[in-house]
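The values are calculated or read from the model by the stated rules, or taken from the named source; none is laboratory data. Since this is a predicted model, take the numbers as computed values, not measurements. Here the Cβ is made from the backbone with ideal geometry for all residues, glycine too, and neighbour counts use every protein chain on show. To get the accessible areas, we keep the full protein, side chains included, count just its heavy atoms, and leave off ligands, DNA and RNA. Shrake-Rupley method; radii C 1.70, N 1.55, O 1.52, S 1.80 Å.
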Amino acid sequence: MAIEKILKDDASEEKGERARMASFVGAIAITDLVKTTLGPKGMDKILQSTGRGHEVTVTNDGATILKSLHIDNPAAKVLIDISKVQDDEVGDGTTSVVVLAGELLREAEKLVAAKIHPMTIISGYRMAAECARNALLQRVVDNKENAEKFKSDLMKIAMTTLSSKILSQDKEHFAQLAVDAVMRLKGSTNLEAIQIIKKPGGSLKDSFLDEGFILDKKIGLGQPKRIENAKILVANTAMDTDKVKIYGARVRVDSMSKVAEIEGAEKEKMREKVKKILGHGINCFVNRQLIYNFPEELFADAGILAIEHADFDGIERLALVTGGEIASTFDNPESVKLGHCKLIEEIMIGEDKLIHFSGVEMGQACTIVLRGASHHVLDEAERSLHDALCVLSQTVNDTRVLLGGGWPEMVMAKEVDELARKTPGKKSHAIEAFSRALVAIPTIIADNAGLDSADLVAKLRAEHHKEGCNAGIDVISGSVGDMAELGISEAFKVKQAVLLSATEAAEMILRVDEIITCAPRKREDRM
């Protein structure tokens, strides 16, 4: 008995079949959870945390849903990871990648039951993925030479991305916003320059794009409301030391006048500091921390706009956009990089006053102001817009475009099927299974729209046997439609990432033959 026991008391291990079952079950459960959010008619999920505040998130962004789940099953965690990577890497297709990986595993489960070794399945999947990718490469459209066409491609991609999100009602409006914002970036994928401000009130249609940068702050009292040719010093420094704070500091004095002396000294220090700051020849001072009344008066007297307590995101971005750097000491003005912009003024959005910096150093900077009914709507709108912006900025770099609506999956499935017919041996079963998993995506899109998926996918398959066919699922009319006419497009980069990540994740889970769960360390009683 003593020999058998290698692992600690509460550790458990599952071998072979059982381990594989556990991974399949976990992965497929995750897939079933998010697959209802796929496609233009996909549904949303409400995520409610049980922590303090019971925060509620309403979303259909695959990565957001999965990030919020706490999951024990190891295979499920692998899928959550691939959706996160998809989100960071290309920004969209987070649901598709999980669904595809899950379907691959669902098929693999049947093959394992039919006594086909996991390694055989994996090598079949590898061949199939390679073949599927080549099938897409042969069919990509690339309009980077023709600016007009390329812009319309971008519009189509933006509209396709947004059509499965909350913004689908006003997708033309938002697609235009996203395309304009990304076109300003001139090919950089640095989305930092696009700032999104959320202001509840109004409706989603009232959202707009503004060149320059908007800081969500008010302008202080008695300060200039508008400054032209601004030189901006962005700082992160304490400007709240001109009074003796009663709490926390213990100072022994023998009379009240001593306190006044100390305060006087503090004030002098503050005045010196402000002098140093003014020595930079600026006319706008933005500080991350509070600015007390006294230094604020000094700034107002000097005719300088002082903005206090700008949140960190805002201030980092402001420094980036105006070409300055965040300073914290002011002894040598020549080493501090100031930010510049043509005009600073106060604007009203809804009920709030904000500060608008226009004509900034970094010409590509812009701000999208989102309006909407509630915070939940705005958060979801921001997530959707973020997806669109990511995809567009990736497409500007890699200009290859595909049709959407289940078309790429059918193209890949057809090629993969043909490969399966040519391949001898057990691998062919795995390759065939891969093609079935690909077809699952158009099937789910149709199911989510409440259509007869079996019928539609059969029609699609028949259509795709003709040369140069553009058929996909037209969810709006509920039939097979021409994707080129409907203007449903996707970025090649997103599809490729979905295909490769899903295959790799499925492969990783298939390789597992043992799950060992270790017992948690017990706390020793410190008595």
Structure-derived Cα Rg over 2.2 N^0.38 Å - corresponding label in [x] 1.14; [y] 1.23; [z] 0.94: [y]
Neighbour-limited loop hits for trypsin sites (Lys or Arg not before Pro), region 1-73 (at most 13 other Cβ within 10 Å; DSSP other than H, G, I, E, B): Lys5, Lys8, Arg52
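If you rank Glu380, Glu145, Glu17 by how much accessible surface each has, with a 1.4 Å probe, what is the order from largest down? Display every interim value, and only then the final one.
Numbers: Glu380 5, Glu145 160, Glu17 115 Å².
Descending accessible area places them as Glu145, Glu17, Glu380.
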Residue pairs, from the table Lys225/Lys337; Lys67/Lys353; Lys84/Lys156, whose Cα atoms sit over 29 Å apart: Lys67/Lys353
Size of charge dipole - region 213-362 - debye, nearest 20, with Cβ of Lys, Arg +1 and Asp, Glu -1, no other charges: 240 debye
In region 426-527, the GluC sites (Glu not before Pro) that fall in loop regions by DSSP, at most 12 other Cβ within 10 Å: Glu467, Glu524
Relative contact order [Cα under 8 Å, 6+ residues apart], region 289-409, whole percent: 14 percent
Heavy atoms of Val179: accessible area, 1.4 Å probe, square angstrom to 10: 0 Å²
Qualifying trypsin sites (Lys or Arg not before Pro) in region 117-204, DSSP loop, other Cβ atoms within 10 Å at most 15: Lys144, Lys186
Chain lengthening between Ala147 and Asn134 when straightened (0.36 nm per residue, less Cα-Cα): 2.0 nm
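What percent does the relative contact order of the chain come to when contacts are Cα pairs within less than 8 Å and at least six residues apart? Display every interim value, and only then the final one.
Values: 940 pairs, mean separation 141.8, N = 527.
With pairs under 8 Å counted, the relative contact order is 27 percent.
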